[in-house]
């Protein structure tokens, strides 16, 4: 199903961008990308993994 693959690719890209901004100390920027990733189907576990990769323990995760 191409739609699912495209959504998963978009979610992964948004998570990569969030990770970039976390590593550059822009939590509000990262949160926007986490929100976009969620909109494309990213799970909270994937977001937690990105936070862990940036050395954060779920801080600022927010969500809605």
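Got a sec? How would 21, 33 order by Cβ neighbour count within 10 Å, fewest to most?
Arranged by neighbour count, lowest to highest, 21, 33 become 21, 33.
Can you figure out the FRET efficiency of residue 32 with residue 12, using R₀ = 22 Å and their beta-carbon distance, to the nearest 0.05?
With R0 = 22 Å, the Cβ-Cβ based efficiency is 0.85.
What nm distance separates the two modelled labels at residue 43 and residue 20, each placed 7 Å from Cα along Cα→Cβ?
Placing both labels 7 Å along Cα→Cβ, they lie 2.6 nm apart.
With the alpha-carbon atoms as the only input, what is the per residue convex hull volume for the range 2-53 in Å³?
Convex hull of Cα atoms, per residue: 55 Å³.
Tell me, 44, 27 in order of fewest to most beta-carbon neighbours within 10 Å?
In increasing order of surrounding Cβ atoms, one gets 44, 27.
Please report 40, 24 as a ranked list, fewest other C-beta atoms within 10 angstrom at the top and most at the bottom.
24, 40
Bear in mind these aren't lab numbers, they're just calculated from the coordinates by the rules spelled out. This structure is a prediction, so every number in the text was calculated from the model and none was measured. All Cβ positions, glycine included, derive from the backbone under ideal geometry; neighbour counts span all protein chains shown.
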